[in-house]
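Below is one structure, written out as structure tokens, with a few remarks after it.
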Amino acid sequence: MKIITIGREYGSGGRTIGKMVAEKLGIPYYDRELVDKAAKTSGLAVEAIEENDQIVTRSFLYDLAIGTSYGYVNSTGVPLDLNTQVFLAQREAILEFAQSPCVIVGRCADYILRDREDVLKVFIFADRKARLERIAKEYGEEASKAEKLLAQSDKRRARHYEEFTDSIWGARRNYDIMLNSATHGAEKTAEIICMLAKED
């Protein structure tokens, strides 16, 4: 059994598919749990992690305004910016959870665990129309707002991934398999991932 990391486009159903995979394989699923664990181990406030999760900011004044007590510093003792602290805190959580088989959604987990041979790195995508329909249906958003959410979310995820991995979000070389959830459907996509996870 492998550790499964799932990167996904916004509205592609990656979170739902990840839950299905975890349930089918009988292993833990980590998404929101990464925020709670990162807060507990780092001393950062949950609110600060949620506000800065997958957002790239480089403003010391912004960090100061958040009112967060710094837990991570550079080699000279200067506090790191809040966004970097959030990444490091979640990295620690991912490394701890990855001590046994599990499903981890997002947060550069594929990169953080890139040197491990027991990791199946998955990326879920879908065509724009299917994603917009899913956003409107699942989150109850109007078409115009769904368009904006899709664009903003994908841009934020791409910037965050590229900032901390020095690689391109969604690039096929970063994953073992890329699946179109609109073509296969959530159930079939989850079944394919489970099949691959069980292979030696």
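The values are calculated or read from the model by the stated rules, or taken from the named source; none is laboratory data. These figures come from a predicted structure and were not determined experimentally. Methodologically, a virtual Cβ is constructed for each residue, glycine included, from the backbone with ideal geometry; neighbour enumeration extends over all protein chains shown. Ligands, DNA and RNA are stripped out before the accessible areas are found, and what is left, the full protein with its side chains, is counted by its heavy atoms. Shrake-Rupley method; radii C 1.70, N 1.55, O 1.52, S 1.80 Å.
Of all residues being open to solvent by 50 Å² or more (accessible area, probe 1.4 Å), in contact with a Phe, Trp or Tyr (Cβ under 9 Å, 6 or more places away or on another chain) and assigned to a helix (DSSP H, G or I) in region 159-179, which is nearest to Cys194 (Cα to Cα)? Just the residue, please. The extreme case among them is Arg172. Asn52 meets the stated requirement of being open to solvent by less than 50 Å² (accessible area, probe 1.4 Å) and modelled with pLDDT under 70. The residues in region 180-200 that are part of a loop (DSSP other than H, G, I, E, B) and either open to solvent by less than 80 Å² (accessible area, probe 1.4 Å) or in contact with an Asp or Glu (Cβ under 9 Å, 6 or more places away or on another chain) (or both) can be counted, and the count is 1. Checked against (1) touching a strand residue (DSSP E or B) at 6+ places or on another chain (Cβ under 6 Å); (2) open to solvent by less than 20 Å² (accessible area, probe 1.4 Å); (3) at pLDDT below 90, Pro79 passes all but condition (2).
Within region 19-42, is even one residue open to solvent by 50 Å² or more (accessible area, probe 1.4 Å), modelled with pLDDT of 70 or more, farther than 30 Å from Lys129 by Cβ and part of a loop (DSSP other than H, G, I, E, B)? Yes, region 19-42 contains at least one residue that is open to solvent by 50 Å² or more (accessible area, probe 1.4 Å), modelled with pLDDT of 70 or more, farther than 30 Å from Lys129 by Cβ and part of a loop (DSSP other than H, G, I, E, B).
Look at Arg107 and say whether it is assigned to a loop (DSSP other than H, G, I, E, B) and buried (at least 18 other Cβ atoms within 10 Å of the Cβ). For Arg107, the condition - assigned to a loop (DSSP other than H, G, I, E, B) and buried (at least 18 other Cβ atoms within 10 Å of the Cβ) - is met.
Could you pull out the residue among Lys155, Lys148 that is without any contact (Cβ under 8 Å) to a residue 40 or more places away in the chain and under 15 Å from the mean Cα position of the chain (by Cα)? The conditions single out Lys155. Against the numbered list (1) at pLDDT 95 or above; (2) of a type outside the set (Val, Ile, Thr); (3) more than 22 Å from Val35 (Cβ to Cβ), Ala151 comes up short only at (1).
Check region 142-158 and report whether any residue there is polar (S, T, N, Q), in a strand (DSSP E or B) and exposed (fewer than 15 other Cβ atoms within 10 Å of the Cβ). No - not one qualifying residue is present in region 142-158.
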